[in-house]
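One structure is given here, and the rest of the page talks about it.
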Amino acid sequence: MIGTGYVGLVSGACFADLGNSVWCVDKDKNKIDNLNNGIIPIYEPGLEEIVNKNFKSGRLKFTSNLEEAVKASQIIFICVGTPTSKNGSADLSYVYNASKEISKSIKTFKIVVNKSTVPVTTGDKVEKIISKKAKKRNFEVISNPEFLREGEAIRDFRFPDRIVVGTNNKKILKKIESLYEPLIKKGATFFSTSRRGAEIIKYAANAFLATKISFINEIGNLCEKANVDVEDVSLGIGLDKRIGSRFLRVGPSYGGSCFPKDTKAIVNTGYNFKTNLSIIKAVIKSNDYRMDMLSKKAKSILNNKIKNKKITFLGVTFKANTDDMRGSTSLKMIPNLIKKGAIIRYYDPTGIKKEFSKTKNVLFCDTISSACADSDLVIIHTEWDEFKSIDFKRIFKKKKFKIFDMRNLYSPKDMKKLKISYYSIGR
Ligand code: UGA
C-alpha cells in the first residue's frame, strides 16, 4: 500500500487481517516510526486493534523504503491523496510521483492498482509514466476505487456493497477477485468494468450521494416553512426502493475530505471533456450557501442579538466517529458567529482542535456539562451517540437556554414537554 492515509492504512490493515502479507509505505518517516510503535495517526473505531494484531503477527509491516516494499509485493496499491488544486481539479502530483517511484523498482511482474480517487484517464497516464522505466510486460495498471467512509471504515471494508475493478485483462481480474474472495463469499458483489469506467464510477457515486444529501437538505428548507417534518418526508420517499432510505438525513452541509473535493473535481473533468455537469454544479452551490444559511439561522434563534452571547458547539468535526475537521461546517459557522461578537465554547469527543487554537473567543471544554453550563445557545453539530440523550435541564445553570439541533437527534414534542426552547432542521 503506497500511502498510509485513511484508505491505505485501513485497507492495508484489513488485507493483512484477511491473511495477506502487507507492506504499508509512507514518505513521512515520523508517521512510519509512530506506526511501528503502535501509534495510529487517525481516529477510526476498531483500527488500532486490527493494526496491532496484524503487526504483531508479522503480516503487516510499515516502512518508508518504497523500493523494498515494491520488490517484495505482487500487487501494489496506490493510495495517496488527490487534494483540490487551485482551479478545483484533482491535484494528481502525489499519484504521478508514486507512479514514478514504483516504476524504478519494477523488475518482475506487478499489478499496480489505483485506489486513489482519480479523474477518468489517470490510469492511462500512470501506465505511461511507469512504462518509461519498467518493461511493459512487467506490469499492468488497473483501477479499484475505494468506497469506505470515515468512522465506518472497517465495517465498510469487510462488508462492502460492491467491489469495483477496472481492467480489460481477464487474468489480472481473476487475481484481484481471489484477493477479495473472503469478502465476496460474505456477500459482496464483484463488479468488473473498464479502467476508465471504474474511475468514473467513484466520482459518480460520491457526486450522487452529495446530490442526495443536498436534495433532502433543500426539501428540509421547504418543510420548515410549510410546517412539515422532513424526517417523515425522508422516510416517505426512502421507502420507495428506487430512491432508498440511506443518505437522506438532513444536517449541516455535507463535509469531509471527499464530497466537497470530488464534486469540484468531477465538474472540472466535465470541462476537460467539454461536458456541462450542471446538476453537480448546483449541488456545490447549494451546499456552500447552506453554511451561511445555518449561521443566519443560529443568529435568528438568538433574535439577531449575538454580541457577547455564549454559544456552545457539541461536536466540531465534519460528522460523528471521526476526528477529521476537513470540510466541516463548523469551520465556517464558528468564524461567522465570532465576527458578530459571540463567545464560542465547544466540546468534541475527539478532543481539542488545532483549527481553533488561535481563534479568539473560542474555548475547548472537556465535558458536555462544562461546555453547556451557562450557554445561551447549544448547537448540536455532529451525531455522536453521547449527544443523543443529554439531560439538558440538569446541566444548564442558566434558566433560559436554547438548543439548535442540526442533526435532528431529539423529538420536538419531547422538548416541548420539557419546556425547552428547541430548534431543529426541516421541522
Ligand atoms: C464518503 C463516501 O460516503 C464513501 O463511500 C467514500 O469512500 C468516501 O467519501 C471517499 O471518497 O473516500 P466520508 O466522506 O467518510 O465518505 O463520509 P460520509 O459518511 O459519506 O459523509 C459525508 C458528509 O455527508 C458528512 O458531512 C455527513 O454528515 C453528511 N451526510 C451524510 C449527511 O448530511 N446526511 C446523510 O444522510 C449522510
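Of the conditions (1) assigned to a loop (DSSP other than H, G, I, E, B); (2) away from the ligand (no atom under 11 Å from the Cβ), Gly255 clears all except one; give me its number. In the conditions (1) assigned to a loop (DSSP other than H, G, I, E, B); (2) away from the ligand (no atom under 11 Å from the Cβ), Gly255 misses (2) alone.
In the set Thr108, Thr121, only one residue is polar (S, T, N, Q), at pLDDT 95 or above and at positive phi; that residue is Thr121.
In this structure, does Ile184 turn out to be modelled with pLDDT of 95 or more and away from the ligand (no atom under 15 Å from the Cβ)?
Working: modelled with pLDDT of 95 or more: yes; away from the ligand (no atom under 15 Å from the Cβ): yes.
It is true that Ile184 is modelled with pLDDT of 95 or more and away from the ligand (no atom under 15 Å from the Cβ).
The set of residues in segment 332-371 being touching a residue at least 60 places away in the same chain (Cβ under 8 Å) and either crowded, with 21+ Cβ neighbours inside 10 Å or hydrophobic (A, V, I, L, M, F, W, C) (or both) consists of Met333 alone. Just a yes or no: is a residue in segment 274-294 within 16 Å of the ligand (Cβ to nearest atom), aliphatic (A, V, I, L, M), touching a residue at least 12 places away in the same chain (Cβ under 8 Å) and in a strand (DSSP E or B)? No, that holds for no residue.
Taking first residues from segment 41-57 that are in the same structural domain as Gly19 (by TED's automatic domain parsing) and on the phi > 0 side of the Ramachandran plot and partners that are surrounded by fewer than 16 Cβ atoms within 10 Å (Cβ to Cβ) and not in a helix (DSSP H, G or I), no Cβ contact under 9 Å between residues at least 6 apart in sequence or on separate chains turns up. Taken over segment 137-167, the criterion of being more than 16 Å from the ligand (Cβ to nearest atom) and either at pLDDT below 95 or of a type in the set (A, V, I, L, M) (or both) is satisfied by Val141, Ile142. Within this structure, Ala265 passes the test of being out of contact with any Lys or Arg (no Cβ under 6 Å at 6 or more places or on another chain), within 12 Å of the ligand (Cβ to nearest atom) and part of a helix (DSSP H, G or I).
Filtering segment 1-54 to residues that are more than 23 Å from the chain's Cα centre (by Cα) and β-branched (Val, Ile, Thr) leaves only Val22.
Please tell me if Ile311 is in contact with a strand residue (DSSP E or B) (Cβ under 7 Å, 6 or more places away or on another chain) and within 16 Å of the ligand (Cβ to nearest atom). Don't jump to the end; show me each part of the working.
Details: in contact with a strand residue (DSSP E or B) (Cβ under 7 Å, 6 or more places away or on another chain): yes; within 16 Å of the ligand (Cβ to nearest atom): no.
No: the conditions fail for Ile311.
Please work out which residue is surrounded by the most Cβ atoms within 10 Å (Cβ to Cβ), limiting yourself to segment 223-252 and to residues that are part of a loop (DSSP other than H, G, I, E, B), charged (D, E, K, R) and away from the ligand (no atom under 13 Å from the Cβ). It comes out as Asp229.
Could you tell me which numbered condition Glu67 fails, if it satisfies all but one of (1) in a helix (DSSP H, G or I); (2) touching a residue at least 40 places away in the same chain (Cβ under 8 Å); (3) within 29 Å of Glu127 (Cα to Cα)? Among (1) in a helix (DSSP H, G or I); (2) touching a residue at least 40 places away in the same chain (Cβ under 8 Å); (3) within 29 Å of Glu127 (Cα to Cα), the lone unmet condition for Glu67 is (2).
For segment 1-61, which fully contained helices (runs of 4 or more DSSP H) count at least 1 residues that are within 16 Å of the ligand (Cβ to nearest atom) and surrounded by 21 or more Cβ atoms within 10 Å (Cβ to Cβ)?
Details: elements: 6-17, 29-36, 47-57.
Hits in segment 1-61: 6-17.
Note on segment 297-329: among residues that are surrounded by 20 or more Cβ atoms within 10 Å (Cβ to Cβ) and without any contact (Cβ under 8 Å) to a residue 60 or more places away in the chain, the one that is nearest to the chain's Cα centre (by Cα) is Met325.
The values are calculated or read from the model by the stated rules, or taken from the named source; none is laboratory data. What you see is a predicted model, and the numbers here were worked out from it, not measured in a lab. All Cβ positions, even for glycine, are placed from backbone atoms using ideal geometry, and neighbour counts span all protein chains on display.
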